[in-house]
Every structure is written in structure tokens, then in C-alpha cells.
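A short worksheet on the structure shown next.
Every read-out reported here was derived from the displayed coordinates using simple, explicitly stated rules and does not represent laboratory data. In this text, all values refer to a predicted model and were calculated from it rather than measured experimentally. In this analysis, Cβ positions are derived from the backbone assuming ideal geometry, glycine residues included, and neighbour counts consider all displayed protein chains.
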Amino acid sequence: MSKPKLMLGNEAIAQGLMESGCVMATSYPGTPASEILASFAALQEKGSEKRHIQWAVNEKIAFEIAYTGSMAGLRTAVSMKQVGLNVASDPLMSAAYLGVKGGFVVISADDPGPHSSQTEQDSRLMAMMAKIPVLDPDSPRQAKEMIALAFQLSEAFEIPVMLRPTTRVCHARQDVHPGDDLPHKREVDFQKDPARWAATPKFRLHLHQELEKKLNTISRYKKTAPIRLNAEATASKALIVSGVAAAHAKEILKDLNLWDVIPMYQVLQPFPLHQDFVSHMIKTYSEILVVEETTGVIEMQLADRHCIKGKLTGSVPSVGELLPETIQQIIGEFAGIDIEPIDLPSEPGIRPTLCAGCPHRAAFFAVKKAAPKGIYPSDIGCYTLGLNLGAVDTVLCMGAAVSQAAGFYHSYKHEKKPPDIVATIGDSTFFHAGVPALIDAVVQKVRFVLVILDNRTTAMTGNQPTPAMGMGACGESLNSVNIEGVVEGCGVQFCRVGDPYQLKEFTDLLKEAVKYSRENGPAVVISRHPCLIDRFRKETPGWQPLKVEVSDACDGCAFCIDHFECPALILDKTEERVSIDPILCNGCGVCISVCPKKSIKEIKNDA
Amino acid sequence: MSNSIKQQIVISGVGGQGVLFVTRLLAEAAIMKGLSVFTSETHGMAQRGGTVLSHLKVGNFSSPLIRPGNANGLLALKADSFARHGYFLKPGAWVAVNSREDAIVGPEFSAYTIDAEILAQRIHNPKSVNLILLGFALAAISGTLENSLFCTLEDIITVLQQRLAKKKQMLDDAVKAIETGFKSVK
């Protein structure tokens, strides 16, 4: 056997793709799924085989490219976070009807908690709606095994198969044994069949009937059937678990000395649930507790409900992550064991904030200067944290900053004094879903300013390239698309670029844009400065970090703390003055222009 | 013996302190010793400047998370980490804290305190607080039989040598930091 390696769940998934002979993988970054594609790309560099590995502009495009690869006979995969699947839901629903040729795996990572998402939605419900099977891994190791299983299932029934890991699988690390890569034997061979691949509504009905037949057979497929974990237990009450809740429950049952008492079954394929399993459970047990994340997908398929306990009966919470301590309480109650509830301290922690020196912070400060009474729609990314500066009023979903700006404009346009509207959106998010909304705003003469926060990367998810970078997932050189060109191509007449580190000039530019927008319609300001986290790769030529200090003129008014909230600025309330944390400070020097008393100064070395 | 080892350790700090790096070193040391391991970490929005907490479970476990009242030890990179994450510990657990003043913990725990910031400044490596604390913990905790760590200073140095094989300067700095922490225990 190979030597075990410490693998992140997402690396184990990538390893599984490699071992299964997947030759095309696409994605759009999103926590907790981002590392899957990057890990697959890292494995590719070592191999000799040529695979297509790409970051797509959004999840819909990523899905369609990988799906088409499978139509052409190849093994392919697409990965994304759960809300990304919303974006890709259009092709997903249709692809389920048309089916696949080469194995096609849709990896949609859920985020119960939510830790880093706008919803806790359960991708297994999307699989159910699309009518495709879904596998639910409990650990990095099982996630890798399930990739192989998903490809087999997909090819056996010519159907897309979903793998649904959650944050605790994606971002756990475990010792995993790497296997051998399967040399890919599948030849690319697109068999024209317009009646299927371009089916008209009449034939879609037939395809739907076929799909139902497939699902019926899959619900009896042996390889994905639920597993009985403890054959020796004989109580008349049983547990059904899946995903990471299964991982927690196994440990808890042993710790509570119930392993030999309560029969426990792990569901590998929550949809379609195996029919024989359902009848066996209902026939055998007087009471059944179902523990799963996040929605009761298994539970709702247990048709005879008289003996079922779960989310629908209020026995298991329907909201939030199922932490192991919660599961312990639930299992204890189910087994009739008294477990003392643990008194957890409220965990205030430190609120998330933009990094010290983040160019977005300077841009937000300028936005508030240029339109102090404005409405500020924003978007999904690090810059959501502009909330802390009071420069973000709304965050809905990818690309919505632009269309929400339009919504506010149309709502207020008949008022005597409509408010200024300044929307912010990141560079990657602009490409993802902002472009169609901007075209709409141009056509509708929406009077607003769009600030595109162009930090030359997809920062929040780990600095993946954007379409403007001209770089691929494996570091290869590609074409780049420039943001100004896109903006002007959308029909915007006012499009200017500024560096937010030059705070005064940048604020003046924004004021000009606000003035223009009041009379004419959309104005776009591209706020361009590279992300600090990868600035060593992309720093503006000639830019040097500044050394700054707070002079005795500081009277501790806290204006910089309240309105700029840089984590490197520390207020000492008793001393009534602010100091700068030299470890946190990244030397952007913007605070020099922020202080109203002019008491923050550059330290000149040559003096 | 390795089959019977079961240790659950919580590592806590704030963004930028290198909580994940320490977690990884310990996890790789476990694998090197033929032990199974689970870690759980924070990414994305939750990672931006906020509290960073990681769980490390060495031995035969199926869940990546530590339940409250079950941890054998807490490696605290911030003085207030015990107040925040002490609830993970079981009675008799150890706490190794980076703090200027002696950490205040209940009588049911053994606390070991080190001012790692000062030592980090002394070796001109202000970002090495994480490794100094780890080195300190390896020395301080191995004194007690019940709760000794599953690995030694030598194990961690071997892992560092593998990870930083091509980065001589970083390796030297890292080894110096971890030894500084280790030797600070008298």
C-alpha cells in the first residue's frame, strides 16, 4: 500500500479525480470548494497526461464546458460551492434529462453554519429537483472513494452524479492513501444525435420518462446502498446518519457505550434513497432517528412517518451546523441517557475585517467622502467587509450590486431629490455576473456610480486568476480581457481608472463620477491596486511600503478608528492617543490622508 | 503502543499568527509516526482577521471536530484564548499559553505560560511566536506522564526539514524559533 499523505478534503477529491481518469475539470472559486481545482492542477503538473483544467468566468459556464466534455465521451467534473450551483442550475436541470456519455461528476460543496456563505442551502435538494443521484461523504478519505463510485454510477446509467461534501469534509485534513492514476482510456468521440442532444419538448417528455426509469434502478444499485455499521447492536430503535454527521455519530455512539446497543446505518446516497432500505427500516424498527445536514432529505423519503424522528419532528435542528456536541445531546435523548448540557461561553471573538493596508478600505473611505448620503449596494467578496466602514448597505448574491443599484434608482427616480447611488463590485465578481446587469443599466439610463474594486485577483477564495490576468489554473499563459474594454463595450460613456492609495486624487475622481452620474447615467470608476496577499507577485512597479508614525498632535479623537477601522491602528483610551501596530501595518500610508488632525506622518529614513 | 495513542488538541489564535502552520506540523509528525490524524481548519470569510481555531485529533477517530470537555490540551497563541476556548478541555488537561502574565486557569488544569513575543523579538523573528510556543509546549508538557504530547522536538524538526527542504533560510529560522521555545523551559 502507498504511504499515507496528509490531505485536505478538497485535495483528496482532486486525488480521486486523478485516479479515476478525469481529463477535464472546471470550476469557479467559492469557499469551501475552491481548493479542489487548484489541487487537481497541482497534481497535473507531475503527470504526463494532458488534461483541460480551467477556472471559468462563472459556474454556469464551468458546468456547460465540463458537461459537453462528457457528451464527447470523456470523464469530466465541475466543482463549485452550493450557491454556485444556483448559477449553474439551468444547465443542471437540462443535463439530467439529456444524460451523459463519459462519466460526469458535479461537485457542490455545502456550508452548514454558514461559515462563508450567504445561505445554508442543501445541494442534495438540487439533486432531487434535477433528478440525479447524490453521494454524501463523511471524511476526506470517503470523498476520494466516492469520486470513483460517482464515475462508475454516472457511466452505468448515463446520468450526471453529484458529490455533496460539506465544509467539515472539504476543510478537514486526514491521512489518505493515494492510489495509482488510471491511465485514461476513453477516446474523445462525439456521436451526433440531435434528437437527444438538441431534443425538442416532445422528446423531452420521453427523456423525462427515461430519467425516472434510471432513478428507479439507481435506488436499487448495490454499490451505493446504505451500510449497516454495527451488526451486533439489536435495539428496536435505530439511527440513520449521513455525511459528516455520520462521522460525528460513530464516535459519539462509541463514547456513550451505545455502539453494541443501537443499530446505526450510514446512507451513502441520500437521493434516490434505496427502496429496500426504506422498507427494511420501517418494518424492523419501532423508532428511527435521522441525523443529516442541512435539510431532511433522507428523512422526507421515509414515506411511512409514524416511527421517524428528525428535522420534521423537531428532534434535530433545521438550522445551523450539526456540531458533534449537538448530535451527542440528540442521540443521548433518543437513547434515554441523561447528558449534562455543556455551558458554552458566548464566543465574541474578533469580527472579520479587511486586511491592514487593503486597497478596498481606501476605496470605501473615498466612496463615503464622495457621496456621504448615498445608498451603497455591494457584492460578494472580501469587500463585503466594507460593512465595517458603513460603505456597504446591501449584499444579495453574485453580481447583484449593479442590478440593485438599478432597483434603487428606479425606486427613487420620481422623487424630488433622489439619493446618490454608489455600488461596489470586485473584478472577478464583475466578470462573473456584473456584465449583463451593466448592459441593462446602460440601456435603462440608470444614474449611479459603479466602483469596480480591481485588485487583480479573486482574493477571498485564495487568489485565483481573473479573466483580466491572462493566466490559467496551471499557471499557463492565456489571453486577457481588460475591464475598461468590457465597460466601454457595455456602452458606458464615463469610465476612468484610479489608484485608491492616492486617496485625495481618487476621492476627487469619485466626486466627478458622482456629479456625472446625476445628470447622465452610469459612470464607472475602476479602483485599481493589487491585493496585498499576493502583492509580491503583482505590486505596482515603483511602489514602496511607507513607514508611518503617530505624532504627539494625536488627541485620541478616534476618527481613524471609527471611519477607517484599519486593524493596525490601535486606540489607547486612557492615554488618549492612537498608535500603529508595526507587525500588522503593511505600509499603505493611506491613514496619513485620513487623519483630520494631520497627526499621522511618514517616517523619513534619510532625515 | 501507537494503537493506543489518542490525543485531542485545540490550537487557537488570530489570523496571521500561523495557527494552521503549527497544526500542520503536528499532523505531519503524527503521520510520520504511523498514527492516524484529523485536523479541522477555517477558510474564507471566517479567516479574515478573526479568531482562528483548529482541531487536531491524533489516533483512531472518525470525526474531524473535538467536542467540548474532550480535549487533552490547548495551545493558545493569545492570552485570552483560554477564556475563549477553555471549554474544549477535559479535567486534567494542559494549557500552553503565550502571555505576558501567568495564565489564570481553573485548578483542574495544568497551565504553562511563556512570553513568546519577547523571545520572538530577541531572535529578530517577530512572526515566529507560533513555533516558539510549540517548542515550549513540547518541553513543558513532556514532563507529565499522563499528558505528554504524542511527538517530540526531534519529530517536529524532521517534519520542518521535509517541508522546508528547499528553503534553507526559512528552515534555519524555524528551527531556531522552535529550539528557543524548547530551551526556555528550565
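Tabulated results
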{"quantity": "For the stretch A:5-221: span of alpha carbons on each principal axis (Å, largest first)", "calculated": "50, 40, 37"}
{"quantity": "P(r), alpha carbons of the stretch A:313-399 - 5 Å bins starting at zero, rounded %", "calculated": "3, 11, 15, 13, 10, 8, 9, 10, 9, 7, 4, 2, 0"}
{"quantity": "Over 15 Å [Cα-Cα, the stretch A:333-384], rounded percent", "calculated": "68"}
{"quantity": "Built amide H within the under 5 Å cut-off of B:S99, gap 5+", "calculated": "B:I114, B:D115, B:A116"}
{"quantity": "Electrostatic dipole magnitude of the protein assembly as shown [Cβ: Lys, Arg +1; Asp, Glu -1; Cα centre; debye, to 20]", "calculated": "1300"}
{"quantity": "Compactness of the stretch A:87-176 - radius of gyration and Dmax, Cα, Å", "calculated": "13.3, 39"}
{"quantity": "When each of A:K254/A:K311; A:K144/B:K57; A:K445/A:K515; A:K283/A:K309; A:K250/B:K57 is checked by Cα-Cα distance, pairs over 18 Å", "calculated": "A:K254/A:K311; A:K144/B:K57"}
{"quantity": "Cα Rg over Rh - the stretch A:548-602, Kirkwood", "calculated": "0.90"}
{"quantity": "Relative frequency of Cα-Cα separations exceeding 20 Å in chain B, percent", "calculated": "50"}
{"quantity": "Integer Hz, Karplus 6.51/-1.76/1.60 couplings in order for the stretch A:106-121, x for Gly and Pro", "calculated": "9, 9, 10, 8, 8, 9, x, x, x, 8, 8, 8, 8, 9, 9, 4"}
{"quantity": "Value in Å of the Kirkwood radius, where the stretch A:435-492 supplies the Cα pairs that are averaged", "calculated": "13.0"}
{"quantity": "Spherically averaged projected area in nm², based on the convex hull that wraps the Cα atoms of the protein assembly as shown", "calculated": "37.6"}
{"quantity": "Estimated D of the stretch A:142-183 in µm² per second, where Rh is the Kirkwood radius over Cα pairs and Stokes-Einstein applies at 10 °C, 1.306 mPa s", "calculated": "133"}
{"quantity": "Gaussian network model of chain B, springs between alpha carbon atoms under 10 Å - residue of B:E154, B:E117, B:E41 with greatest fluctuation", "calculated": "B:E154"}
{"quantity": "For the stretch A:497-607, radius of gyration divided by Kirkwood radius, i.e. Rg to Rh on alpha-carbons", "calculated": "1.03"}
{"quantity": "Whole-angstrom gap from the stretch A:143-185 to the stretch A:71-98, using each part's C-alpha centre", "calculated": "16"}
{"quantity": "Computed helical MRE - 222 nm, chain A, DSSP H runs ≥ 4 contributing -39500 (n - 2.57), nearest 500", "calculated": "-10500 deg cm²/dmol"}
{"quantity": "Surface/4 of the Cα convex hull for the stretch A:225-335, nm²", "calculated": "5.9"}
{"quantity": "Ranked A:K131, A:K202, criterion: other C-beta atoms within 10 Å, fewest first", "calculated": "A:K202, A:K131"}
{"quantity": "The stretch A:1-60: GluC sites (Glu not before Pro) in DSSP coil with no more than 12 other Cβ atoms inside 10 Å", "calculated": "A:E49"}
{"quantity": "Given A:K368/B:K127; A:K5/A:K222; B:K127/B:K183; A:K511/A:K598; B:K33/B:K186, the pairs whose alpha carbons are separated by over 24 Å", "calculated": "A:K368/B:K127; A:K5/A:K222; B:K33/B:K186"}
{"quantity": "Candidates B:T113, B:T51, B:T39: whichever shows maximal mean-square fluctuation once chain B is modelled as a Gaussian network with Cα springs under 10 Å", "calculated": "B:T51"}
{"quantity": "Karplus (6.51, -1.76, 1.60) ³J(HN,Hα), θ = phi - 60°, over the stretch A:277-286, in Hz, Gly and Pro reported as x", "calculated": "4, 4, 5, 4, 5, 5, 6, 8, 10, 7"}
{"quantity": "The stretch A:160-272: C-alpha pair distances exceeding 17 Å, %", "calculated": "73"}
{"quantity": "The stretch A:359-538 - Debye-derived log10 I(q)/I(0), Cα point model, q = 0.10 Å⁻¹", "calculated": "-0.34"}
{"quantity": "Per-residue HN-Hα couplings for the stretch B:133-142 [Karplus 6.51, -1.76, 1.60; θ = phi - 60°; Hz; x = Gly/Pro]", "calculated": "5, 4, x, 4, 4, 4, 7, 5, 7, 5"}
{"quantity": "Estimated [θ] at 222 nm from DSSP helical runs (n ≥ 4, -39500 (n - 2.57)) normalised by residues in chain B, nearest 500", "calculated": "-10500 deg cm²/dmol"}
{"quantity": "Euclidean distance between Cα centres, the stretch A:315-340 to the stretch B:81-120, Å", "calculated": "30"}
